1. Could you list all residues from region 14-36 that are closer than 25 Å to ILE123 by Cβ and touching a Leu at 6+ places or on another chain (Cβ under 9 Å)?
2. Tell me the residue from THR57, THR39 that is surrounded by 12 or more Cβ atoms within 10 Å (Cβ to Cβ) and over 30 Å from VAL127 (Cβ atoms), please.
3. Take region 99-118 and flag every residue that is at pLDDT 90 or above and under 14 Å from ILE3 (Cα atoms).
4. Going by the structure shown, is LEU72 at pLDDT 95 or above, surrounded by 14 or more Cβ atoms within 10 Å (Cβ to Cβ) and within 24 Å of VAL127 (Cβ to Cβ)?
5. Condition check: assigned to a loop (DSSP other than H, G, I, E, B) and more than 25 Å from TYR18 (Cα to Cα). Does VAL127 satisfy that?
6. Which one of the conditions (1) under 28 Å from ILE123 (Cβ atoms); (2) surrounded by fewer than 16 Cβ atoms within 10 Å (Cβ to Cβ) does GLU11 fail to meet, given that it meets all the rest?
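The values are calculated or read from the model by the stated rules, or taken from the named source; none is laboratory data. Note that the coordinates shown come from a computational prediction; the quantities given were computed from them, not determined experimentally. Backbone-built Cβ (ideal geometry, glycine too); neighbour counts: all protein chains shown.
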Amino acid sequence: MSIKQISVFLENKPGSLYAMTGVLAQNQIDMRAFSLAETSDFGIARIIVDDVYKTTTVLKDAGFVNSVTPVLGVAIPDVPGGLCKVLQVLTNAKVNVEYMYAFLGGKTVDHAYMIFRVEDNVIASAVLAEQGIKVVEQEEIDKL
């Protein structure tokens with residue numbers, strides 16, 4: 001139960017991000033979620049896309065170093081405290097959240113969507129499901 005996130009390593013200089021997104025645009029790849037973290041020398045773009053294999057292939061062919069990481073997608077009720085409830089479930093199960101970021105969820109307006117990087121997606125998915133919290137699968141992301 002996971003979503004495949006692509007991490008792309010970029011030099012921290014003008015035009016690097018533009019070049020990477022240009023490769024995606026030229027190849028008709030649709031980003032579903034995006035996060036950018038940086039240091040003084042390099043950045044890591046984390047993306048969720050509609051076609052993981054095609055994306056990793058075109059990025060590699062264009063000279064971008066990238067890797068695929070399993071992450072957890074969660075549909076969170078779009079109400080005050082929705083994220084807090086998810087974090088409480090994970091905390092109670094002693095699941096550490098390494099990082100997280102939001103993404104758009106298509107046409108539905110009753111949920112917010114978050115990507116979570118945790119140590120064990122199976123445990124996190126199970127404890128969330130026990131509390132009625134929906135975990136989003138890769139196939140659902142592809143169709144958004």
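1. Taking region 14-36 and keeping what is closer than 25 Å to ILE123 by Cβ, we get 32-33, 35.
Residues satisfying the conditions are ARG32, ALA33.
2. THR57
3. MET100, TYR101, ILE115, PHE116, ARG117, VAL118
4. no
5. Values: assigned to a loop (DSSP other than H, G, I, E, B): no; more than 25 Å from TYR18 (Cα to Cα): yes.
In short, no.
6. (1)
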